[in-house]
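The values are calculated or read from the model by the stated rules, or taken from the named source; none is laboratory data. Just so we're clear, the structure is a prediction, and the values are computed from it rather than from any experiment. With ideal geometry, Cβ positions are generated from the backbone for all residues, glycine too; neighbour counts draw on all protein chains shown.
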Amino acid sequence: MSTILLIDDDASLSNLLAEYLREQGYVVHVAGDGQKGLRVFFEQKPDLVILDVTMPKMDGWETLKHIREMSRAPVIMLTARDEEPNVLRGFSLGADDYVTKPFSFAQLGARVKAVLGRAGGAASSSERLEVGGLQVDFASRRVTRDGEPIPLTPTEFKLLTVLMRRPGEVISAEELVREVWGPQYANEIGFVRRYVWHLRQKVERDPENPQYIHNERGFGYRFQVEA
């Protein structure tokens, strides 16, 4: 049974959402601001965090920074803002998904299920991939480059491994959405472009001149090691 921490200063929404998620079989803890949320996060070590952006005392951005200092647990951001800079900021800080208010509980529930699935997908596998100094250990969900660890969110990890398992093959954005995020994200192709950009910042030696992840304009993305 997965544990979820909901951090939102809207008490009415939090109570209703928490009740819905409990009915779906999750254990849910609720905190009304970022400071309380961090205390609960440290005590309960949840499997997933649902985090509002606009809160008193400590907003969602600052809360997410502190969460990422402690854990790679997946985080879904809730916000009334859907402008591109805010979405990119959330992804750059390590968010796994981004849901704009207002939303239906069924929509958020589907996102929760998908994100938890990405977080736990390959933990039991003994498979390892190693290409051009980049190594993925599926049992530990650990990624290194030339022996140096690279911290990735569950979504970034899934995206990288989908690309690495098909070296030299051009994979369309639509197919990556299905493979990494799931069919419920079919209309959000922009996720791919944003995440590829952030993944390159982490795994590439020079993100402006990628060695691993290449963009085939108009077709998709290709993983291939180039000197």
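Checking Glu156 against (1) at pLDDT below 85; (2) touching a helix residue (DSSP H, G or I) at 6+ places or on another chain (Cβ under 7 Å); (3) among the acidic types (Asp, Glu), which test does it fail?
(1)
When both residues are 6+ apart or on different chains and their Cβ atoms are under 7 Å apart, which pairs have a first residue that lies in segment 93-110 and is of a type in the set (Asp, Glu), and a second that is assigned to a helix (DSSP H, G or I)?
That search, which allows pairs on different chains as well, returns Asp96/Val115; Asp96/Pro154; Asp96/Thr155; Asp97/Arg111; Asp97/Val115.
Would it be correct to say that Val225 is out of contact with any Cys (no Cβ under 6 Å at 6 or more places or on another chain), assigned to a helix (DSSP H, G or I) and at pLDDT 85 or above?
no
Spot the failing condition for Leu129; the list is (1) in a helix (DSSP H, G or I); (2) closer than 17 Å to Tyr221 by Cβ, and only one is missed.
If we test Leu129 against (1) in a helix (DSSP H, G or I); (2) closer than 17 Å to Tyr221 by Cβ, just (1) comes out false.
Against the condition touching a strand residue (DSSP E or B) at 6+ places or on another chain (Cβ under 7 Å), charged (D, E, K, R) and either part of a strand (DSSP E or B) or at pLDDT below 90 (or both), how does Asp82 come out, does it pass? It would help to see each step written out before you state the result.
Values: touching a strand residue (DSSP E or B) at 6+ places or on another chain (Cβ under 7 Å): yes; charged (D, E, K, R): yes; either part of a strand (DSSP E or B) or at pLDDT below 90 (or both): yes.
Here the answer is yes, as Asp82 does meet what is asked.
Could you go through segment 173-187 and let me know if any residue there is modelled with pLDDT under 90, assigned to a loop (DSSP other than H, G, I, E, B), out of contact with any His (no Cβ under 8 Å at 6 or more places or on another chain) and under 19 Å from Pro74 (Cβ atoms).
The answer is yes, given that some residue of segment 173-187 is modelled with pLDDT under 90, assigned to a loop (DSSP other than H, G, I, E, B), out of contact with any His (no Cβ under 8 Å at 6 or more places or on another chain) and under 19 Å from Pro74 (Cβ atoms).
Considering each residue of segment 1-53, count those that are hydroxyl-bearing (Ser, Thr, Tyr), under 22 Å from the mean Cα position of the chain (by Cα) and assigned to a helix (DSSP H, G or I), and give that number.
Total satisfying the criteria: 1.
Considering segment 190-204 alone, what residues qualify as being at pLDDT below 80 and surrounded by fewer than 17 Cβ atoms within 10 Å (Cβ to Cβ)?
Scanning segment 190-204 gives a single hit, Gly190.
Do we find a residue being over 20 Å from Phe91 (Cα atoms), among the β-branched types (Val, Ile, Thr) and not in a loop (DSSP other than H, G, I, E, B) anywhere in segment 197-209?
No; the residues of segment 197-209 include none that is over 20 Å from Phe91 (Cα atoms), among the β-branched types (Val, Ile, Thr) and not in a loop (DSSP other than H, G, I, E, B).
With respect to Gln184, is the statement that it is in contact with a helix residue (DSSP H, G or I) (Cβ under 6 Å, 6 or more places away or on another chain), among the polar types (S, T, N, Q), in contact (Cβ under 8 Å) with a residue 12 or more places away in the chain and farther than 16 Å from Ser92 by Cα true?
Here the answer is yes, as Gln184 does meet what is asked.
If a residue must be hydrophobic (A, V, I, L, M, F, W, C), at pLDDT below 95 and surrounded by 15 or more Cβ atoms within 10 Å (Cβ to Cβ), how many such residues does segment 1-37 contain?
Matching residues across segment 1-37 total 1.
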